[in-house]
Amino acid sequence: MPTSDLGLDQTLAALGITDAAQVTARFAEVRRHFDGQFQTVHDEADWRLFRDRWLGRKSGVLTLVTDNWLKPATPELKRDVGVSLNALRAHVESQIEVRRLAIESGAEESTLARERVDLSLPGVIRPIGSRHLIRQVFQEIEDIFVSIGFSIVEGPEIETPYYNFEARNIPEFHPVRDDMDTFYLELPKSAKTPLLLRTHTSPMQIRTMEKQKPPVRVIVPGKVYRRDNPDATHSFMFHQVEGLAVDTDITFCDFTGTIEYFVKQFFGPSVKTRFRPSYFPFTEPSVEFDVSCPFCGGTGTAAGGGTCSKCKGAAWIELFGAGMVDPAVYGFVNYDAKKVSGFAFGIGIDRMAMLKYGIDDIQVFFQNDVRFLRQFP
Ligand code: DAH
């Protein structure tokens, strides 16, 4: 029943209510009406509307009852109307307050329920990164050399031509400079010396010997740069580990024994090694180290028959360059070439990683595709 049907805009007399029993009955009806509407109030917005409809100062139900029923009531009924009205007001006000509290605590409860922390849920898993394969191979190589008495030094990636070339026994117009098309830095005209991105880790041989008297046993891991066009085996930036051992009694046997030990530690004890004559300006004699193909066991034949695709049937794979230090190099660092001897090597890390882990394109190292990286956790 809508509130308008209660006759709130008329006087009791106009409604034909003339005795106390009728007054009581009419107020009971209003109260039933209130109780019915009250059931539908569940949230704060409903509650506000409901409160205003019943308690609103200007046109709330209780105001209308006061103005239209109580004030114009006949003197005989006035007291009864007043008593009923007070009872109704007490009921309405208390119920509305009770409902306010219920809605408030309900809202609180549902907020609590929403925000409840479930300690049994699995935590947020933040994946920890892993080391790049190149880093891992650096580490493998460093561990092997450190275990036999080498220490690790690192040097600048921006070098002077003196350390990168001249002191490596590569004078200005030496043809091997052509192999190392170089990135020179653009410098102001006033610069004292040109600067370049080092083309190999060899400059650190010189820097180390300048600082330290023999015996020297160091390896130099690091990045190097050449003006190469990218393809499956070339990149303008790649990685090397340089090695240098100089002392008063180092022989060719120490040299080959050390390298052989390293290669077997790195690829496994069953590989064989060999060296072929080669040329580097800073070593004499110079060699190129080969390893028996780790993929076909040095047979040249693939497991399922046919030619091994890695060594192309050659059974050997070229690993890196090395040699006995050219006595001319000692002249640049004030070592007495008559008293000392030593060996050096320059290992290409990317190539070693590709060989050991069966990777056929150097570019994947630098593309940062997680599908590749995740294969080497
Ligand atoms: N520096 C050479 C290069 O980058 C590699 C190398 C060869 C380093 C023989 C050496 C060495 O120390 O003895 O191609």
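What follows draws every value from the coordinates through simple rules; no lab data is involved. A quick note: this is a predicted structure, and the numbers were derived from the prediction, not measured. With ideal geometry, Cβ positions are generated from the backbone for all residues, glycine too; neighbour counts draw on all protein chains shown.
Could you tell me which of rounded, prolate or oblate describes the stretch 296-377, using a ≥ b ≥ c as the square roots of the eigenvalues of the alpha-carbon gyration tensor, with rounded for a/c under 1.5 and, failing that, prolate when a/b is larger than b/c and oblate otherwise?
Since a/c reaches 1.5 but b/c is at least a/b, the shape of the stretch 296-377 is classed as oblate.
For the stretch 1-103, calculate the relative contact order in percent as a whole number, restricting contacts to Cα pairs under 8 Å that are 6 or more residues apart.
So the answer I get is 36 percent.
Label GLN22 and ARG89 with points 7 Å out from Cα along Cα→Cβ: what is the distance between them in nm?
Between GLN22 and ARG89, the label points sit 2.5 nm apart.
What percentages make up the Cα-Cα pair-distance distribution of the chain when the bins are 10 Å wide from 0?
Answer for the chain: a P(r) of 4, 17, 18, 11, 5, 3, 3, 5, 7, 8, 9, 6, 3, 0 percent.
Give the list, by residue number, of cysteines in the chain with no other Cys Cβ closer than 4.7 Å, or say none.
CYS253
Using the 10 angstrom Cβ neighbour count as an exposure proxy, how do VAL30, VAL83 rank, fewest first?
With the fewest neighbours first, VAL30, VAL83 line up as VAL83, VAL30.
When a/c reaches 1.5 or more, the comparison of a/b and b/c decides; with that in mind, is the stretch 236-377 rounded, prolate or oblate per its Cα gyration tensor?
Values: a/c = 2.61, a/b = 1.68, b/c = 1.56.
Verdict is prolate for the stretch 236-377.
Any idea what the relative contact order of the chain is, in percent, if you count C-alpha pairs under 8 Å spaced at least 6 apart?
Normalised by residue count, the contact order of the chain is 13 percent.
Kindly give the semi-axes, whole Å and largest first, of the ellipsoid equivalent to the stretch 224-292, taking each as the square root of 5 times a Cα gyration tensor eigenvalue.
25, 18, 12
What longest region of the chain stays clear of GluC sites (Glu not before Pro) that DSSP places outside H, G, I, E and B and that have at most 15 other Cβ atoms within 10 Å?
187-377
Quick one: Cα centre-to-centre distance for the stretch 276-311 and the stretch 322-377, in angstrom?
Taking the Cα centre of the stretch 322-377 as reference, the centre of the stretch 276-311 is 16 Å away.
Can you tell me the relative contact order of the stretch 167-311? Whole percent, Cα pairs under 8 Å, sequence separation 6 or more.
16 percent
By the gyration tensor of its Cα atoms, with a ≥ b ≥ c the square roots of the eigenvalues, what is the shape of the stretch 59-170: rounded for a/c under 1.5, prolate for a/b over b/c, or oblate?
prolate
What Kirkwood Rh does the stretch 106-203 have if only Cα atoms enter the pairwise 1/r average? Answer in Å.
So the Kirkwood estimate lands at 19.4 Å.
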